Amino acid sequence: MATTTDYRLPRHVLPRDYAIDIDVSPARKRFEGRLTITARVAAETDTVELNARNLSVSEPVALVKGRRVRGTVRTYRARETVALVFPRPLPRGRVVVTLAFAGRLDPGMHGLYLARDGAERAIVSQCEATDARAIFPCFDEPDVKATLQWTVTAPIGLTVITNGAAAKTTVRKSRGTQTVVFRKTKPISTYLAALTVGRYEGTKARRVGRTPCRVWATPGTLHQAAFAEAVTAFALAWFEEYFGQTYHYGKLDQVAVPGFDAGAMENAGAIFYRRNLLLMDPASASWRQQKAVAETIAHELSHQWFGNRVTMKWWDDLWLNEAFATWIATKAIDVWKPEWRLWDEFQADRTRAMATDALVSTRAIWSPVKSPAEAVEQFDVITYEKGGAVLRMLERYLGEATFRQGMRAYLEAYKDANASGDDLWEKLGEASGEPVAPMMRTWVAQPGFPVVSVEAVQAGERTTLRFGQRRFFANPREAAAGSDARWHVPIVVRYGADGEVREQRALLTDASADVTLEGRADWVHANADQVGFYRLAPERGLLEALLAKGLRHLAPAERVG
């Protein structure tokens, strides 16, 4: 629902480091802690505003040039913020702010909550999209990155896992507690913060390149981790080579938590999973179960670069994070297990997205986001499956090597920072020499997709294809009413000529266009590998020729198409 509330934080104070000291236990409904924020003040101000939801915040103190300045707290529930107000303005430059906070475990599976699986109980965090603010006061927006340094007090005998590696543990037997101090992370967005406390067993650390990797599970289930280790060993190394960058977060823990709302979450350095999407016994699991685990792990690992290291500026570009991970996870696992023929399976997801996108009620991939609720609405088939299919279409048109070149340039230019879809299109356009930005805006900024008509004109020894486009609607009434929507449609034509199977690219930018092929075509399929996110409407003669002469040359996905 539309809202007039301004949910964005001011930008004159920005954090550099968070030190989070938190006391939690699966036996308690409440948690409490102290927070130290090292920040940079760009303009004098007496107010520091932070996101906080359902937290009690107290004792704010600013350390300014060696002096402690006490402040007061104002709460703005509608905006999900608190304001720390000081008696005199904080000067420009570095400032350290400390405060106390307390909250209750979430009754659902957001923020910090109690996860249950039979007798197992664990504290688990889930911060995406805007739930870190329910754990500790913070600048809970993706383009505000800072380091995290966790210190966690929990009952003796439980395992504590956060984004950073454990550095020191102090045991207080008289209190029955342990305090674990973790190493500081690289700068990350708060939605990637991670904390879990429970009875976990871990595999022996195995290095992939320079990264120690472990899988964690509740007691009695760790024997099912071998498949996840194998996927990780391949995928992490493959992504390092593909992206041209080593893994950035020091260590990699992958945890099968007792209860999780999402399938998995790509927290930097500490990825959380539903148990059935990380653990399995390959001897008894079906192919579909193996595929689900492998693709989920690859999806989350790819985010460590695309999403975590280079992060969207705002939630309206969430689609780019998730679409990219959806596409490249399939690509990576297809290299690992080509016999699984995952791209054929990918067609089912593409078809499902097209079914939704053919409705008049569909939305554009890129949608404006103002409130936290609107951010959550972005997690759907349009973001993941349509977005992934559109990226695959773009890669097929530009070529794999060119696409990867542009991708590497993008990751290098914006590493440890934030970027938008337009930034990616710019780098892909520079790598390819193609008008990527105007092309992709037609796919991202407007809803729906086209049906592409194809006619053939034979002239001597050459064939000219006449393309047309109009928006496709599932409802005949909507289709009859028409639409003025147009796309820049990247088409790769597969055809037969002179006894050879050939390909030719074409970019349909208007309502209609003519493309002359090299040679006289015996048959034509104007969607090579069935990657184009459009439906085809070939004239009857072209369809009959394709069925009679070209069908044996088509891949299974093309035949289905």
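The values are calculated or read from the model by the stated rules, or taken from the named source; none is laboratory data. Quick caveat: nothing in here was measured; it's all calculated off a predicted structure. Quick reminder, even Gly has a Cβ in these numbers, built from the backbone with ideal geometry, and neighbours come from all protein chains shown. What goes into the accessible areas is simple: the full protein's heavy atoms, side chains included, and nothing from ligands, DNA or RNA. Shrake-Rupley method; radii C 1.70, N 1.55, O 1.52, S 1.80 Å.
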Ratio for region 196-265, C-alpha Rg to 2.2 N^0.38 Å, reads 1.17
Convex hull (Cα only) mean projected area of region 1-60, reported in nm² to one decimal
6.5
Could you let me know the centre-to-centre spacing of region 483-551 and region 405-431, using Cα atoms, in angstrom?
31
Going by average Cβ neighbours within 10 Å, how do the peptides 510-517, 342-349 rank, with the highest at the top?
342-349, 510-517
At a 10 angstrom cut-off on C-beta neighbours, averaged per residue, how do the peptides 273-282, 547-556 rank from highest to lowest?
273-282, 547-556
Net dipole in debye of region 291-342 [+1 Lys, Arg Cβ; -1 Asp, Glu Cβ; about Cα centre; nearest 20]
140
Taking all protein chains as present, what is the carbon and sulfur share of the accessible area of region 1-90, in % to the nearest whole number, probe 1.4 Å?
49
What number results when the radius of gyration of the chain, computed over Cα atoms, is divided by 2.2 N^0.38 Å?
1.08
In region 364-456, what percent of the accessible surface is made up of carbon and sulfur (1.4 Å probe, ligands and nucleic acids excluded)?
49
Region 103-230, dipole about Cα centre (Lys/Arg Cβ +1, Asp/Glu Cβ -1), debye to the nearest 20:
780
Run down the lysines and flag those whose C-alpha is under 24 Å from the C-alpha of LYS173, throwing out any fewer than 8 positions away in its chain.
LYS29
Amide hydrogen neighbours beyond the local backbone of ARG28, cut-off 5 Å, H modeled
none
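In debye, nearest 20, what is the charge dipole magnitude of the chain about its Cα centre with +1 on Lys and Arg Cβ and -1 on Asp and Glu Cβ, if you could check?
Taking the Cα centre of the chain as origin, the dipole is about 2560 debye.
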Compute the distance from the alpha-carbon center of region 299-333 to that of region 80-127, in whole Å.
26
Where only C-alpha atoms are counted, convex hull volume of region 341-389 per residue in Å³
67
Hey, if you put +1 on the Cβ of every Lys and Arg and -1 on every Asp and Glu Cβ in the chain, which of ILE333, PRO91, PRO212 ends up farthest toward the positive end of that dipole?
PRO91
Taking the alpha-carbon set of region 387-436, what are its Rg and Dmax in Å?
10.4, 29
Would you list the P(r) distribution for region 155-286, with all Cα-Cα distances sorted into 5 Å bins from 0 and each bin expressed as a whole %?
2, 10, 18, 22, 21, 15, 7, 3, 1, 0, 0
Can you name the helices of the chain, as whole DSSP H runs, whose Cα span along the helix axis is 20 Å or more and whose Kyte-Doolittle mean is not below 0.0?
226-243, 318-336
Mean Cβ count within 10 Å, highest first, over the residues of peptides 518-531, 403-416:
518-531, 403-416
